[in-house]
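Throughout, read-outs are computed from the coordinates displayed, never taken from laboratory work. Small disclaimer: the values here were computed from a predicted structure and weren't measured. All Cβ positions, even for glycine, are placed from backbone atoms using ideal geometry, and neighbour counts span all protein chains on display.
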Amino acid sequence: MNGSIRPLCIFFIIIFQVAVLRASGIDSLSHQSAEFYAGLSRNAATDGADIINYNPAGTAFMEDGLYLNGSLQSILSVYEHSYGRTRYRDREPVFMPAVYLLYKKKRWAGFFSFTVPGGSGTVRYANGLGHIRNQMELLALQLNALAGVVASLPLVSQSFKASNAIFGLTLGGACRLGDAVSISFKARYFAANREARVRYQSYLPYDVGSGPGLLLMGSAVDYRGSGHGIGGGVGIDVRPVKGLTLALTAHTPAYIKYGYASYRNNAFCVDTRSGAGSLADEGILAPVTLLLWSKGESEKRNTVYLLQPILLAGAEYAITDKYTVSTSWAVYF
């Protein structure tokens with residue numbers, strides 16, 4: 001190899017090295033195997049079956065044989081929001097299993113994988129949501145303005161839980177074209193689940209006009225949906241000089257269409273006073289239709305979810321048989 005090219009390759013990779021993106025949340029998970037943490041830069045790697053996700057074209061440059069890679073990752077996610085001086089907080093683990101199977105023979109490679117490309121998060125607020133507390137306080141303000149007094153609004157109980165998970169299956173292959181170029185194609189299938197559950201019960205004593213009364217309110221909202229979708233991906237590896245690998249992988253968008261197997265929307269509002277002098281007669285309506293009513297109805301109308309397209313790029317240079325330098329980029333559209 002020309003002596004001037006070797007240091008140039010090393011300089012190119014190091015100078016453009018960027019922080020590795022670890023997206024963890026409801027939309028997309030970039031770390032699809034534990035090797036992501038061990039090797040950090042995987043987009044141009046050719047050393048393990050997990051490159052089916054990061055650099056599938058690189059499988060055609062691996063040694064012949066059968067490869068199996070499996071891992072289970074866990075991340076402790078923190079969810080929180082605040083209302084007034086109250087902070088609603090929850091810590092929940094996110095589990096991400098991954099299994100990769102690869103068979104390489106001469107210029108060809110075939111592969112299969114099971115991953116969790118999105119979601120897998122759950123949030124539980126045992127004390128409910130600040131939004132519900134806000135709605136109760138707005139109702140109390142209406143009563144205060146009507147009665148000219150300061151009324152308290154005890155919230156008996158409330159709770160909230162929501163979760164989402166997207167599971168993915170990948171099947172594809174790669175082919176080496178000569179000694180310097182390889183290409184890959186893969187098909188992806190997604191199965192997804194999402195659900196949400198909210199509860200609240202409260203009561204409000206009031207005294208408007210003709211005497212005291214009591215308003216009892218509660219709600220129970222549940223919805224659960226499951227969906228399926230398909231996507232794909234292509235990749236290319238180029239080795240312009242010995243020891244240098246340049247890789248580019250594109251994941252197409254995937255449209256997941258949800259159907260709602262169960263949807264419950266129950267609420268009650270009981271006023272101990274009826275007719276003239278009741279809150280309804282005064283034009284005050286209890287906010288029994290809260291957050292998940294509008295959210296659930298929106299979910300039922302908009303049943304298509306987009307798993308965004310991703311472009312992965314990487315470069316790796318082998319300084320010696322034991323030492324390499326590499327870099328990776330990821331663009332989420």
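Here are a few things to note about the model shown:
- Set of the stretch 161-182 residues, backbone N closer than 19 Å to the point 7 Å along the Cα-Cβ line of ARG91: none
- Sequence-distant aspartates and glutamates (8 or more away, or on other chains) whose Cα lies within less than 20 Å of LYS161: ASP27, GLU80, ASP90, GLU92, GLU195, ASP222, GLU297, GLU299
- Exceedance of the 29 Å cut-off in Cα-Cα distance is limited, within the set LYS105/LYS257; LYS186/LYS257; LYS186/LYS322; LYS104/LYS242; LYS104/LYS322, to LYS105/LYS257; LYS186/LYS322.
- Fully extended contour minus Cα-Cα distance, from ARG107 to THR320, at 0.36 nm per residue: 74.2 nm
- Förster-model FRET efficiency, 51 Å R0, ALA145 and LEU177, C-beta, rounded to 0.05: 0.10
- A straight chain from ASN193 to LEU68 at 0.36 nm per residue would run longer than the Cα-Cα distance by 42.3 nm.
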